[in-house]
Amino acid sequence: MGHVVAMNWGIHLAKGQYVTMLDADDRIDAEKLQLQADYLDANDVGACFTRARLIDDSGAPFTDEKHPRAKLLKPENRTEEQWHAFFTGGGNFVFGGIMFRKEILPTVGPYDPSFNVLHDIDFYARITKEYDVHIIEQPLASIRIRAGNANLSAADGNSEKANAFSNEHIKLRRKHRPMKKGILNGKYMIATPF
């Protein structure tokens, strides 16, 4: 069973009205879940995220400001349309974990197991197509950067990972971007360049 199928099975079994995800090597602050649940209780949004901080393998603060993920730590809140364009246009950020309303699943569907790395970005794109989302400004989670870029989503220096990551980005754009006829023999092409 793949990790995305296992995630979907866990969500299916969940009894609460809200669902949150946490990767095994990451951490959350004690107040994170309560703050997200309170936000969802008080606001008409489909999901909310929090900001995050980076840590290394030992749990110490990760301080390499030149690391690609360090530039992704401060996402800004956006409109529903801006979020959808962001996720489907290759946008990414380091976040402290999503909490979403379980009731949105019949509309947006589960995580797509045909994505191995970008299953989360695909899921967020589908949420933002239908619902508003919000980022709680506090960093309430610690995202681990493993030595040697061993994270599944880190493609640096690994051509197999880089190819898989690139192929999933193309697949994501094709899935979510509107298609229109192009000038090449009436074939369909992605409406926005990448």
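Read the figures in this text as sums done on the coordinates, not as results from a lab. These numbers come from a predicted model, not from an experiment. Every residue, glycine among them, receives a Cβ derived from its backbone with ideal geometry; neighbour counts consider all protein chains shown.
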For D132, what residues show an amide H to amide H distance below 5 Å, using hydrogens built from the backbone and excluding near sequence neighbours? G46
Whole-Hz Karplus couplings 3J(HN,Hα) for segment 6-20, θ = phi - 60° and coefficients 6.51, -1.76, 1.60, Gly and Pro as x, run 5, 4, 4, 5, x, 5, 4, 7, 4, 9, x, 7, 10, 10, 10
Which cross-chain or sequence-distant (5 or more) residues have an amide H under 5 Å from the amide H of Y18, H modelled 1.01 Å from N in plane? K102
What's the ranking of 38-44, 128-134, 6-12 by average number of surrounding C-beta atoms within 10 Å, highest first? 128-134, 6-12, 38-44
How large is ³J(HN,Hα), in whole Hz, for each residue of segment 111-125 in order, when computed from phi with the Karplus curve 6.51 cos²θ - 1.76 cosθ + 1.60 and θ = phi - 60°, using x for Gly and Pro? 4, 8, x, 6, 9, 8, 10, 9, 4, 6, 5, 4, 4, 5, 4
Can you tell me how much longer the chain between N116 and A30 gets when fully stretched, taken as 0.36 nm per residue apart minus their C-alpha distance, in nm with one decimal? 28.0 nm
Through the Karplus equation 6.51 cos²θ - 1.76 cosθ + 1.60, θ set to phi - 60°, convert the phi angles of segment 37-46 into ³J(HN,Hα) values in whole Hz; use x for Gly and Pro. 4, 4, 5, 5, 4, 8, 9, 8, 10, x
Provide, for q = 0.19 Å⁻¹, the log10 of I(q)/I(0) from a solvent-free Debye sum over equal Cα point scatterers in segment 1-138. -1.28
Nearest 0.05, what FRET efficiency do S166 and E103 give at R0 = 41 Å with Cβ-Cβ as r? 0.75
Amide H proximity to Q138 below 5 Å, modelled H, separation 5+ or other chain, gives R51
